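Asks: Take this structure first; my questions come after.
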Amino acid sequence: MMELLKSKRKIYTTLFLLIFSVVYTSAQQSLEGLWKTGKEETLIKIFYSNEQLIGKIKSSNNEQAEIGKIILKDLESEGNKWVGKIYAVKRKEWYSVKIVPQKEKLDLKIGSGIFSKTLEWKRESRRKE
């Protein structure tokens, strides 16, 4: 009887740790990689530079977009989301942004309150780095 209880305890502990690790991993999804903004075929490369996570324009069909320009900065993890600043190329201003990583996409909420805009970026599947 005692062996059966020990076996069950081990199984439950293993299941708990497995579920916890899956939940923790999904909550800590990395932003690193190439992302398509969906407009003007713009690709954003998000990576670490000097221990800071930043995003730069890798390529774009938008004539106003400066290739290599930083458009995401001051990114910090807050649970299952990231907060920081995003540069609006057309307005030439920095705005607050909240980024929620989903499997192969990023949900971005720019601004705050009634003056907010939501965007979706998709992970670039082709290797262009």
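We did not get these values from a lab; they are worked out from the coordinates using the rules stated. The model shown is predicted, which means the values in this text are computed figures rather than measured ones. Glycine gets a Cβ as well: all are built from the backbone with ideal geometry, and neighbour counts include every protein chain shown.
Asks: Label the stretch 86-129 by shape, choosing from rounded, prolate and oblate, from the square roots a ≥ b ≥ c of the eigenvalues of the Cα gyration tensor; if a/c is under 1.5 it is rounded, and otherwise prolate applies when a/b is larger than b/c, oblate when it is not.
Replies: oblate
Asks: I114 to E3: FRET efficiency via 1/(1 + (r/R0)^6), r the Cβ-Cβ distance, R0 41 Å, to the nearest 0.05?
Replies: The calculated FRET efficiency here is 0.05.
Asks: Right, next: For the ranges 64-73, 107-116, 93-102, what's the packing order if you count other beta-carbon atoms within 10 Å of each residue, average per peptide, and put the highest first?
Replies: Descending packing order for the listed peptides: 93-102, 64-73, 107-116.
Asks: Using only the alpha carbons, work out the radius of gyration and Dmax of the stretch 31-123 in angstrom.
Replies: Here Rg and the maximum Cα pair distance are 12.3, 36 Å.
Asks: Grab the Cα-Cα distance for K92 and Q29, subtract it from 0.36 nm times how many residues apart they are, and report the gain in nm with one decimal.
Replies: Computed gain between K92 and Q29 is 19.8 nm.
Asks: According to a simple spin-label model (label point 7 Å from Cα along Cα-to-Cβ), what is the distance in nm between D74 and E51?
Replies: So the label points at E51 and D74 sit 1.9 nm apart.
Asks: To continue, here is another question. Given H placed on each backbone N at 1.01 Å, which residues far from S59 in sequence or on other chains put an amide H within less than 5 Å of it?
Replies: L43
Asks: Considering the zone a paramagnetic label at Q102 would reach in this model (a point 7 Å from Cα along the Cα-to-Cβ line), which residues of the stretch 35-69 have amide N under 18 Å from it?
Replies: 35-39
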